[in-house]
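Taking it in order: structure first as structure tokens, then the write-up.
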Amino acid sequence: MGPFYCPADQKVYLDQSFFEELAKNHSAPGDFAQAYVLAHEVGHHIQNLQGTLSKVQKAKQSWGGSSTKANALQVRVELQADCYAGVWAHHAHKKFGILERGDVEEALRAAASIGDDTLQKKSGRHVNPDGFTHGSAKQRMEWLRRGLKSGDMRQCNTFQ
């Protein structure tokens, strides 16, 4: 199981083997690939603090089990967390100069490798956008890039 954020206790949970899997099975090695994944999960904490997660949960419940609509809304949550990860990277680099040559590419490769379309293809399934819960490889990279370039959380509104 990959890393996840639990809104109930406001903690990020990590399975260290996920990073090995990311490197070996998804061709996304590197320290900054790992940092992106962690920053994405912290992005969910920000969404929790902003009330976004509870609003999304209420909307999902009001739809009475429409998985297609619920999945589409969940994709927006995940893409926003990707954008927030980019915003973090932007400011961390601006303040501490953390980015080295190839780091951005590591993060983008990780985002693409865990896109729903990539995972569905890799498992031998037909790509089904209605089943997406995190977004396509292209979407994940676009929103991560948006956060990286802008450094502005207001640019991360995936719900518009």
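Just so it is clear, none of the values below were taken in a lab; they were calculated from the coordinates. Just so we're clear, the structure is a prediction, and the values are computed from it rather than from any experiment. Positions of Cβ are generated from backbone atoms using ideal geometry, with glycine treated the same way; all protein chains shown enter the neighbour counts.
Here are some notes:
- Backbone geometry of region 146-160 corresponds, through the Karplus equation with coefficients 6.51, -1.76 and 1.60 at θ = phi - 60°, to 3J(HN,Hα) couplings of 4, x, 4, 6, 7, x, 10, 4, 5, 7, 9, 7, 7, 8, 7 Hz, x marking Gly and Pro.
- Estimated distance in nm for a label pair at residue 57 and residue 160, the labels positioned 7 Å out from Cα along Cα-to-Cβ: 2.7
- The ranking of 5, 84 by Cβ neighbour count inside 10 Å, starting from the fewest, reads 5, 84.
- Scalar couplings 3J(HN,Hα) for region 115-126, obtained by applying the Karplus form with A = 6.51, B = -1.76, C = 1.60 to θ = phi - 60°, are x, 4, 5, 4, 5, 5, 4, 4, 8, x, 9, 6 Hz; x denotes Gly and Pro.
- Per-residue ³J(HN,Hα) for region 38-47, Karplus 6.51 cos²θ - 1.76 cosθ + 1.60, θ = phi - 60°, Hz, x for Gly and Pro: 5, 5, 4, 5, 5, x, 5, 5, 4, 4
- For the chain, 6 stand unpaired, since no other cysteine beta carbon lies under 4.7 Å from theirs.
- Extension gain, residue 50 back to residue 101 (0.36 nm per residue minus Cα-Cα distance, nm): 15.0 nm
- For the set 24/138; 60/95; 60/121; 94/138; 58/122; 24/94, the pairs lying more than 29 angstrom apart at their alpha carbons are 60/95; 58/122; 24/94.
- Remark: C-alpha extents of region 4-156 on the principal axes read 47, 38, 27 Å, sorted largest to smallest.
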